[in-house]
Amino acid sequence: EAWQIEAYPYNDPISLPIIPAVDRAGGWLRVKLTLPGRTLLIRVWQASVGKVRLYLLDSNDPLNNPRDRSVTANLYPAGQEQRLIQEIVLGIGGWMALEALDFSIDVCHLNEGHAAFVIFARALSMMRKTGLSFPVALAATRAGNVFTTHTPVEAAFDRYAPSLIRPYAEYLAAVLQIPVADLMALGRQDRHNMDEPFNMAYLAVRGAGCINGVSRLHGTVSRSLFRPLFPRWPEEDIP
């Protein structure tokens, strides 16, 4: 009857054309993410797609607790907290994995807002290398961040209630040496509204030096969606 049906069969990595990514010591590369009250280990796999190396992030590590092992099991989970952790894994864990693999990264492409936490990870990396403050590091790194939005409906943007994201934001803000209110403001239309959800697309817009859509028409629609972030701009001039 033309209904779409999702299935999530278990994929045994041994049966797939992937191999463990190797760290500098020759072992299986794992990155450690600090979450409220615990550490999440992410294994990194490598696949070859033609001449391109594809790296995959996997939380199904025996050293993680059962709940955390399932973080990367399903795409678009119904649970908001699991979705938030997935986006932390993608944005922050992904950046950590690439640094551990000794890649020199000039451009980060944010394909939708899902990977927007890389904005924080990239700024933190520059802070540690140069001693710059977060605002300066953010301004310096945003030129190399490109955000492509696909969503033509504002309701489809990922949003997180303040009560859900705050424990994660508090740790990240402490590492970035900024007030948690300043971090939360990057994902809000009104930085002073403490009850406003954290919007991943707003974070991506504020942390990217280049913003585009998937077509000219979609660009027009997106300018209307993001107009609240640019209240004094003519709509046609919104990036």
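Quick notes on this structure:
- Filter result for L98 (within 15 Å of G207 (Cβ to Cβ), assigned to a helix (DSSP H, G or I), of a type outside the set (K, R) and modelled with pLDDT of 95 or more): no
- If you filter the range 69-90 down to residues that are in a loop (DSSP other than H, G, I, E, B) and in contact (Cβ under 8 Å) with a residue 60 or more places away in the chain, you find that the one that is surrounded by the fewest Cβ atoms within 10 Å (Cβ to Cβ) is N74.
- Residue match in the range 35-43 (condition: hydroxyl-bearing (S, T, Y), more than 29 Å from A161 (Cβ to Cβ), without any contact (Cβ under 8 Å) to a residue 40 or more places away in the chain and not in a loop (DSSP other than H, G, I, E, B)): no
- Residue within the range 103-111 that is loosely packed, with under 14 Cβ neighbours inside 10 Å, part of a strand (DSSP E or B) and not basic (K, R) present: yes
- Test result for S48, among the hydroxyl-bearing types (S, T, Y), in a loop (DSSP other than H, G, I, E, B) and free of Cβ contacts under 8 Å to residues at least 60 places away in the same chain: no
- Helices (runs of 4 or more DSSP H) within the range 125-239 that include 2 or more residues β-branched (V, I, T) and either at pLDDT below 90 or farther than 18 Å from A115 by Cα (or both): 216-225
- Residue in the range 45-56 that is buried (at least 19 other Cβ atoms within 10 Å of the Cβ), modelled with pLDDT of 95 or more and not basic (K, R) present: no
The values are calculated or read from the model by the stated rules, or taken from the named source; none is laboratory data. In this text, all values refer to a predicted model and were calculated from it rather than measured experimentally. Cβ atoms come from the backbone with ideal geometry, glycine included; neighbour counts cover every protein chain shown.
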